[in-house]
Amino acid sequence: MNSIVYLVPAFGAIGLLYTAWRFNWVSSQPAGDANMQKLSGYIADGAIAFLKAEWKILAYFAIPTALVLGYLGTQEGTPENPIHSSPLIAVAFLIGALLSATAGYIGMKVATKANVRTAQAARTSLAKALEVSFTGGSVMGMGVAGLAVLGLGGLFILFYNLFAAGQPLTSDEMKTAIEVLAGFSLGAESIALFARVGGGIYTKAADVGADLVGKVEAGIPEDDVRNPATIADNVGDNVGDVAGMGADLFGSYVATILATMVLGQEIDVTDNYGGFSPVLLPMLIAGVGLLASLVSTFFVRIKSETSSVQNALNIGNWASIIITFIASYFLVKNILPETLNLRGFAFTSNGVFLAIVVGLVVGALMSYITEYYTAMGKRPVLSIIEKSGTGHATNIIGGLAVGMESTVLPIITLAAGIILSYKFAGLYGVSIAAAGMMATTAMQLAIDAFGPIADNAGGIAEMSQLPSEVRGRTDNLDAVGNTTAATGKGFAIASAALTSLALFAAFVGIAGITQIDIYKADVLAGLFVGGMIPFIFSALCISAVGKAAMEMVNEVRRQFREIPGIMEYKAEPEYEKCVAISTEASIKQMILPGAIALIVPVLVGFTMGPEVLGGVLAGVTVSGVLMGIFQSNAGGAWDNAKKSFEKGVNIDGQMYYKKSEPHKASVTGDTVGDPFKDTSGPSMNILIKLMSIVSLVIAPYIAVKGDHSHATKAPVEIKVENQSASLTKATAIKLDKPTLTSLSK
């Protein structure tokens, strides 16, 4: 294998150096007065307390799981059904879990520093506030991408040297190296699911409680210092939208690259890299995408108070896409040979590049479509505002309709992307398209993390009673942040769809099956069961938010009732009790949804076989993608419909503002949409990828007997001698395996 592979961890190291540099820059910015710092301290302490409690529970899960994986790694299988693994898969799993948790921690740490500094910067100008908040987001984006590229590239080099040094790409030894590497992805996705679900339950329990009692009943602003749930609400922005999102996209990033590597390992080529180019390419694309994102962060700037924050972010996003596009062309043309073949599908290096382009375009279109359905001033949000004029029920109806409608264009885009990428380069093309889409993860995550930082900054400005122009600037950032959060979730679910298809293809090959026949009753049953899983998963998440929110509402009401002087600013609420409610509820309630994703593939695979499990994966992928898009977009549209009332909206020729009846209806819609967009919706992409990765890891143990190898089967040559008294005639007959099977019957 060529030394070019060492560029991969080097790219990751560059990303982490940038992370450290920008983290120090954020830390050096003014943090405001003593009161602002005290409030920020409450938020930071609450976030750390949650992560410690969450990590303790996750350790109880991770260690036994690692032991089971280690035991499975000792199994060698049979001559007809060999298993290529090692006990080191347990180590890979733990490293993946640790780095996933670290990615979330980096984001949470910088966000709790950047929030108060953004609020202070907003006292100066909108441009300075954007610089601080986006730099905080870029620290998270580059930290997540840097850890992913460094971890995956470093472990690949390690496992190659341990298991397959000097061996060709398609060898059994390389199968072992890739299978062990899959443990890294499994660890990352497992932690990501728990972090996303737990953080989502936390943030929405606090948000719903703060809204229902503070805004609706007490008539005070969302982030008023008198609201006992306001600190918990701001903590939730960090543990859910920052730490949870960081772990989420870390797992997505790793899974996408791994899926392409698994398929690439089947391709036998002659190149200048020892035949390893199909496996090296996705890692190198991730590396150059990281550098493209790094460069593009410097394009996100505005000049005046009237400049468009959304346009500034769009410029940075498009810059990262264009740079990755150009770099990918030179990578593909210089690394891959002219022709390749995967499972009988021949394609060219040009086809691979075009598949990458498809991935970049699909990612950009998904972001654009999501922005349209969730942004202020666009038709979908305006339609919800209009329906708020006739009450709470019509607001809910309008939001649900927008969410359902918003699935059409993304699904058509995804379908077109799958068809085109497959046409250009087969299954490898679908997978490399996902890798191309995820290449700019660092920039996507920087834009996404900017939102909760701005939201926290607005909360601190409100609680500190800073001048109205400060809150106006933070509200400007926050409104854009709502849209960027929705586009980030749209980007994540799109990548999950393509990645899951690639993981599915890898699973089919390793499990030794050639097709999923839905005419079989058990396979069709598996398809329906898979389609049901996102619904029960969402129900558990939303129900958990509802239960915790009820506790939060009762606690806030109790404090308003029993602590005299809160409303007159004479007494400080007991913030810590609300923080404790969200922490305890989220830790307890995240376990069951997470267990579903991990246990179902194992149960189905070992009891019903790989083909039925394939049906389950197909069902959960289709249903999960639709549910993810619907819930995330409906929630985002409801949220910005509510925020539109802050500047005033026109309904049937009359202006309405905050505290009006239409505004109260919009608050109800936003409250319903909160668990949609921040708990169950964004968890869908992790759910479908995690189930696919679990299936991939167990595939060697449930493989169809005697058909385990996923390499192309060579024809079998049989020599038949036909003797007679006058003539001996030898004839060679070539039969492929299906023919032999039919003859044996």
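The values are calculated or read from the model by the stated rules, or taken from the named source; none is laboratory data. All of these numbers come straight from a predicted model, not from anything done at the bench. With ideal geometry, Cβ positions are generated from the backbone for all residues, glycine too; neighbour counts draw on all protein chains shown. Ligands, DNA and RNA are stripped out before the accessible areas are found, and what is left, the full protein with its side chains, is counted by its heavy atoms. Shrake-Rupley method; radii C 1.70, N 1.55, O 1.52, S 1.80 Å.
Observations
- Checking each residue in the range 21-51 for being in a helix (DSSP H, G or I), more than 22 Å from residue 228 (Cβ to Cβ) and without any contact (Cβ under 8 Å) to a residue 24 or more places away in the chain picks out 21, 24.
- When residue 426 is tested against (1) modelled with pLDDT under 90; (2) surrounded by 20 or more Cβ atoms within 10 Å (Cβ to Cβ), just one condition goes unmet, and that condition is (1).
Residues checked against (1) outside any helix (DSSP H, G or I); (2) within 30 Å of residue 456 (Cβ to Cβ); (3) hydrophobic (A, V, I, L, M, F, W, C):
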residue	(1), (2), (3)
481	no, yes, no
484	no, yes, no
487	no, yes, no
490	no, yes, no
509	no, no, no
515	yes, no, no
526	no, no, no
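- Residue in the range 254-263 that is open to solvent by less than 10 Å² (accessible area, probe 1.4 Å), of a type in the set (S, T, N, Q), in contact with a Pro (Cβ under 6 Å, 6 or more places away or on another chain) and under 28 Å from residue 154 (Cα atoms) present: yes
- Checking residue 123 against (1) in contact with a Phe, Trp or Tyr (Cβ under 9 Å, 6 or more places away or on another chain); (2) more than 30 Å from residue 6 (Cα to Cα); (3) open to solvent by 30 Å² or more (accessible area, probe 1.4 Å), the condition it does not meet: (1)
- Flag for residue 269 being under 20 Å from residue 39 (Cα atoms), hydrophobic (A, V, I, L, M, F, W, C), open to solvent by 10 Å² or more (accessible area, probe 1.4 Å) and not in a helix (DSSP H, G or I): no
Each row is one residue, and each column tells you yes or no for (1) open to solvent by less than 40 Å² (accessible area, probe 1.4 Å); (2) under 30 Å from residue 599 (Cβ atoms); (3) modelled with pLDDT of 90 or more.
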{"residue": "21", "(1), (2), (3)": "no, no, yes"}
{"residue": "39", "(1), (2), (3)": "yes, no, no"}
{"residue": "53", "(1), (2), (3)": "yes, yes, no"}
{"residue": "58", "(1), (2), (3)": "yes, yes, no"}
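- Filter result for residue 179 (modelled with pLDDT under 85 and either among the polar types (S, T, N, Q) or open to solvent by 10 Å² or more (accessible area, probe 1.4 Å) (or both)): no
- Inside the range 558-578, residues that are under 36 Å from the mean Cα position of the chain (by Cα) and either among the charged types (D, E, K, R) or open to solvent by 20 Å² or more (accessible area, probe 1.4 Å) (or both) make up a count of 3.
- Of residues in the range 627-679 being hydroxyl-bearing (Ser, Thr, Tyr) and within 20 Å of residue 241 (Cβ to Cβ), the one modelled with the highest pLDDT: 632
- Odd one out for residue 349, checked against (1) of a type outside the set (A, V, I, L, M, F, W, C); (2) more than 30 Å from residue 486 (Cβ to Cβ); (3) open to solvent by 10 Å² or more (accessible area, probe 1.4 Å): (3)
- Among the criteria (1) over 20 Å from residue 272 (Cβ atoms); (2) in a helix (DSSP H, G or I), the one residue 376 does not fulfil is (2).
- Only listed residue being of a type in the set (Val, Ile, Thr), part of a helix (DSSP H, G or I) and either over 20 Å from residue 308 (Cα atoms) or open to solvent by 20 Å² or more (accessible area, probe 1.4 Å) (or both), chosen from 394, 370: 394
- All conditions but one from (1) surrounded by fewer than 24 Cβ atoms within 10 Å (Cβ to Cβ); (2) under 29 Å from residue 291 (Cα atoms); (3) charged (D, E, K, R) apply to residue 475; the one that does not is (2).
- Selected residue [touching an Asp or Glu at 6+ places or on another chain (Cβ under 7 Å), within 17 Å of residue 646 (Cα to Cα) and part of a helix (DSSP H, G or I)] from 472, 459: 459
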